[in-house]
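Beneath this line is the structure, given in structure tokens, with notes to follow.
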């Protein structure tokens, strides 16, 4: 059985650890976490029965797959620490935003198997969406193996063009913030119309959750679902008209566009 190491033991690393164990993709004894915070490591060991290390290079030495789950400004320091432990057979995964494969390749050997992943925060509740790009050294079998890691916390797609990670960042990476704003606004609308705040908040969140669940499980296009709910001359179509007048659809598209553009800017300045 292969071993996987997480360099950086924050929330996203914990989500992946929980997902891997829950799904049975990895056993606790085959997972290693490394971090500078000893209390954090002790918590993870107590909660998930995994192995821990306070040395990044020691964790990397024990693993076949190494996940860099540190902040972007720490990625290159970590790479320098673990470089001596990397072999052509090991897979290095980075989930740091804005750090491109070419930038990482400048630090590591050309034969290193590199995978860049854009996950999102709903992975923390095992409902995430991840997009993966692999360099030419990663085999088809290894791609599927890594895809299963991220499918343990939601859905995962593999793309053949690294540039697609920028729009993925704009959509699924930043999307939870956009959806949160919509839920808050929906809740505020309920409060304005007389609903208690707690009830409005829960109704708004549950409505978005239920709608997404129906679209995902039913396979219907969102427009079909919108039409199904909008009765002729009814309340819903009146509200839809108000959203259209407020350029809700156009503003949402612009938000994804702006986040994508910013992701591209960050990638250009990665090192």
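Structure summary
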| read-out | value |
| --- | --- |
| Verdict on residue 127 being closer than 30 Å to residue 196 by Cα, surrounded by fewer than 14 Cβ atoms within 10 Å (Cβ to Cβ) and either over 15 Å from the mean Cα position of the chain (by Cα) or modelled with pLDDT of 95 or more (or both) | no |
| Members of segment 161-190 that are outside any helix (DSSP H, G or I) and surrounded by 14 or more Cβ atoms within 10 Å (Cβ to Cβ) | 174 |
| Looking only at segment 16-30, and only at residues there that are touching a residue at least 12 places away in the same chain (Cβ under 8 Å) and either more than 20 Å from the chain's Cα centre (by Cα) or not in a helix (DSSP H, G or I) (or both), the one that is nearest to residue 128 (Cα to Cα) | 25 |
| Residue in segment 106-116 that is at pLDDT 95 or above and assigned to a loop (DSSP other than H, G, I, E, B) present | no |
| Residue tally, condition touching a residue at least 12 places away in the same chain (Cβ under 8 Å), more than 20 Å from residue 76 (Cβ to Cβ) and part of a loop (DSSP other than H, G, I, E, B), over segment 120-138 | 4 |
| Residue list for segment 17-54, filter: surrounded by 21 or more Cβ atoms within 10 Å (Cβ to Cβ), out of contact with any strand residue (DSSP E or B) (no Cβ under 7 Å at 6 or more places or on another chain) and closer than 15 Å to residue 124 by Cβ | 19 |
| Single residue of 88, 102 found to be assigned to a helix (DSSP H, G or I) and either under 23 Å from residue 268 (Cα atoms) or out of contact with any strand residue (DSSP E or B) (no Cβ under 7 Å at 6 or more places or on another chain) (or both) | 102 |
| Residue in segment 67-77 that is farthest from residue 133 (Cα to Cα), counting only those that are outside any helix (DSSP H, G or I) and touching a helix residue (DSSP H, G or I) at 6+ places or on another chain (Cβ under 9 Å) | 70 |
| Residue that is under 20 Å from the mean Cα position of the chain (by Cα) and in a strand (DSSP E or B), where the choices are 33, 13 | 33 |
| Unmet requirement for residue 209, which otherwise passes all of (1) assigned by TED's automatic domain parsing to the domain that holds residue 129; (2) under 24 Å from residue 23 (Cβ atoms) | (1) |
| Qualifying residue in segment 145-158 (condition: closer than 24 Å to residue 268 by Cβ and either in a strand (DSSP E or B) or out of contact with any helix residue (DSSP H, G or I) (no Cβ under 7 Å at 6 or more places or on another chain) (or both)) | yes |
| Residue 258 vs. criteria in a loop (DSSP other than H, G, I, E, B), surrounded by 12 or more Cβ atoms within 10 Å (Cβ to Cβ) and out of contact with any strand residue (DSSP E or B) (no Cβ under 8 Å at 6 or more places or on another chain) | no |
| From the options 143, 90, 147, residue that is more than 22 Å from residue 167 (Cα to Cα) and at pLDDT 95 or above | 90 |
| Test for residue 80: is it in a helix (DSSP H, G or I) and either out of contact with any helix residue (DSSP H, G or I) (no Cβ under 6 Å at 6 or more places or on another chain) or without any contact (Cβ under 8 Å) to a residue 40 or more places away in the chain (or both) | yes |
| Number of the condition not met by residue 92 [criteria: (1) farther than 22 Å from residue 109 by Cβ; (2) buried (at least 21 other Cβ atoms within 10 Å of the Cβ); (3) under 17 Å from the mean Cα position of the chain (by Cα)] | (1) |
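The values are calculated or read from the model by the stated rules, or taken from the named source; none is laboratory data. Everything quoted here is computed from the prediction, not taken from an experiment. Here Cβ is always computed from backbone atoms with ideal geometry, including for glycine, and neighbour counts include all displayed protein chains.
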